[in-house]
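Asks: Shown below is the structure under consideration.
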Amino acid sequence: MRIFETTAVVIGAALLLSTSAFAAGDAKKGKMLFEDAKFAGGSVSCSSCHPDGKGMEKAAMKGKKEWKNPAGTWLALEDASNVCLILANKGTAIDPKSAEMKDLVAYFKSLSMKK
């Protein structure tokens, strides 16, 4: 019985860790999306305005409470990103909880770690 309980705990912990790692997003995939002009139905890549992520270094810093872009001030990084996808990239908004958005945010976080 003890072996079963221990195995269940180990499997449960592994599932939690893999779920939280997935939830965090993939910075490499985020960078690919950032550089893809066709992402979200767009015609211009994010990197056309932000080459190598320039200007995005502080976007995902902990404690940040608002994000500004030419269209205004936003209370969530995902909202500010969607505004750029619509206005600058000529694409459509993506679900703020989607894997793609998590990947973009992971890429932004990777930029803030370089500083």
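Asks: Is the range 73-94 home to any residue that is exposed (fewer than 12 other Cβ atoms within 10 Å of the Cβ), small (G, A, S) and assigned to a loop (DSSP other than H, G, I, E, B)?
Replies: No, the conditions are met nowhere in the range 73-94.
Asks: Between residues in the range 47-58 that are under 14 Å from L104 (Cα atoms) and residues that are surrounded by fewer than 16 Cβ atoms within 10 Å (Cβ to Cβ), which pairs lie under 6 Å by C-beta distance while being six or more apart or on different chains?
Replies: As it stands, the answer is E57/K115, since those pairs meet every condition given.
Asks: Hey, can you tell me all the residues within the range 26-35 that are under 17 Å from S98 (Cα atoms) and part of a loop (DSSP other than H, G, I, E, B)?
Replies: Within the range 26-35, just D26 meets the criteria.
Values quoted throughout were computed directly from the atomic coordinates according to the rules given, and no laboratory measurement underlies them. This is a predicted model, so every value here is computed, not measured. Don't worry about glycine lacking a Cβ; one is built from the backbone with ideal geometry, like all the others, and counts go over all protein chains shown.
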